[in-house]
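Presented below is the structure to which this report refers.
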Amino acid sequence: VQLQASGGGLVQAGGSLRLSCVASGRTFNSYAMGWFRQAPGKECEFVASISGSGGIVSYTDSVKGRFTISRGNAKNTTYLQMNSLKPEDTAVYYCAADPLYMPRSIEIHDIDYWGKGTQVTVSS
């Protein structure tokens with residue numbers, strides 16, 4: 001599975017961005033998809049995940065109510081709608097795929113596939 005993330009950019013606090021992640025392959029709906037982020041000087045952290053069917057989603061506490069993960073299996077695409085952005089959301093955002101569901105507690109090294117990151121910068 002190859003993943004290509006896009007949609008990052010520079011936005012003011014309170015603004016919105018939508019990240020997209022396009023996956024190669026014809027079995028997209030058999031993979032759970034996730035978004036992770038890494039801020040300068042910090043470890044990579046879980047942001048959100050969605051099951052293959054889209055029926056189960058998880059979020060880290062700091063983005064609940066502001067971010068929404070979704071997927072369009074017909075387009076092999078996963079989205080992360082980010083609203084009410086804060087400066088602390090500034091990070092490189094990565095999409096990831098795994099045959100197994102990705103709970104909030106998943107270990108980074110257990111995830112099978114990663115895309116290249118997209119930079120999100122939120123100015124105050």
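The values are calculated or read from the model by the stated rules, or taken from the named source; none is laboratory data. The shown structure was predicted, so the numbers you read here are calculated from the model rather than taken from an experiment. Backbone-built Cβ (ideal geometry, glycine too); neighbour counts: all protein chains shown. To get the accessible areas, we keep the full protein, side chains included, count just its heavy atoms, and leave off ligands, DNA and RNA. Shrake-Rupley method; radii C 1.70, N 1.55, O 1.52, S 1.80 Å.
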(request) First compute the accessible area of the chain with a 1.4 Å probe, then give the percent of it belonging to carbon and sulfur atoms. (result) 48
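Let me check I've understood the local charge: for SER105, count other residues with C-beta under 13 angstrom from its C-beta, Lys and Arg +1, Asp and Glu -1. What total comes out? If you can, show how the numbers build up before the last one.
Numbers: positive: ARG104; negative: GLU45, ASP61, GLU107, ASP110.
Every neighbour counted, the sum reads -3.
Give the relative contact order (percent, whole number) for the chain; include only Cα pairs under 8 Å separated by 6+ residues. Let's see the in-between values first.
Values: 312 pairs, mean separation 45.0, N = 124.
Value for the chain: 36 percent.
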(message) What number does the chain give for Rg over Rh if you use C-alpha atoms and the Kirkwood radius?
(response) 0.94
(request) Give the peptides 47-53, 6-12, 111-117 in descending order of average Cβ contacts within 10 Å, highest first. (result) 47-53, 111-117, 6-12
(request) Taking Cβ-Cβ under 4.7 Å as the only way to count a partner, pick out the unpartnered cysteines of the chain. (result) CYS44
(message) With every protein chain kept in place and ligands, DNA and RNA left out, what is the accessible area per residue of the stretch 11-124? Probe 1.4 Å, answer in Å².
(response) 51
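So for the chain: antiparallel DSSP bridges make up what percent, rounded to the nearest 5?
Working: 36 of 41 bridges.
If we restrict to bridges inside the chain, about 90 percent are antiparallel.
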(request) First measure r as the distance between the Cβ atoms of SER123 and VAL57, then evaluate 1/(1 + (r/R0)^6) with R0 = 35 Å and state the FRET efficiency to the nearest 0.05. (result) 0.80
